[in-house]
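J.: Below is a structure I'd like to ask you about.
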Amino acid sequence: MIGLKDFFRNIQNRHTKELFLRSVIQETIKKQFNIDIPIGNIEVKDSTITLRGASSGLKAAIYTKKASMVAMINSGQDVRTITDIR
């Protein structure tokens, strides 16, 4: 049986990895487009990044550079392999 201490350590490790992944995504967008998106507006689910609150112009610009951005994000971290940006 897993102890309570180990249970909370697993939750904390997962949360730390998720924040690191979101910060890598945020930095990549800032390098490419010089736009700062709050970490709270970045969601990663099933290897797909979803940007909430982003303008349609930014989403269109990201779509044109999607392949290079996915490669940059994946090279900057090893938490999860990203396959798509929406």
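The values are calculated or read from the model by the stated rules, or taken from the named source; none is laboratory data. In this text the structure is predicted, and so the values were computed from the model without any measurement. Here Cβ is always computed from backbone atoms with ideal geometry, including for glycine, and neighbour counts include all displayed protein chains.
J.: Can you name the residue in the range 71-86 that is in a helix (DSSP H, G or I) and either small (Gly, Ala, Ser) or in contact with a Leu (Cβ under 6 Å, 6 or more places away or on another chain) (or both) and, of all such residues, is surrounded by the fewest Cβ atoms within 10 Å (Cβ to Cβ)?
T.: Ser75
J.: Turning to a different aspect of this structure: Within the set of pairs 6+ apart or on separate chains, which have a first residue in the range 1-28 that is within 30 Å of Ile62 (Cβ to Cβ) and touching a residue at least 24 places away in the same chain (Cβ under 8 Å), a second that is outside any loop (DSSP other than H, G, I, E, B) and among the aliphatic types (A, V, I, L, M), and C-beta atoms under 7 Å apart?
T.: Listed by first residue and then by second, the contacts come to Leu21/Val44; Val24/Ile73; Ile25/Ile42; Ile25/Ile49; Ile25/Ile73; Thr28/Met69; Thr28/Met72; Thr28/Ile73.
J.: Inside the range 40-70, can you point out the residues that are surrounded by fewer than 12 Cβ atoms within 10 Å (Cβ to Cβ) and aliphatic (A, V, I, L, M)?
T.: Matches in the range 40-70: Ala60, Ala67.
J.: Among the residues of the range 47-64, is any in contact with a Ser or Thr (Cβ under 7 Å, 6 or more places away or on another chain), at pLDDT 95 or above and either in a loop (DSSP other than H, G, I, E, B) or within 26 Å of Thr16 (Cβ to Cβ) (or both)?
T.: Yes; the residues of the range 47-64 include at least one that is in contact with a Ser or Thr (Cβ under 7 Å, 6 or more places away or on another chain), at pLDDT 95 or above and either in a loop (DSSP other than H, G, I, E, B) or within 26 Å of Thr16 (Cβ to Cβ) (or both).
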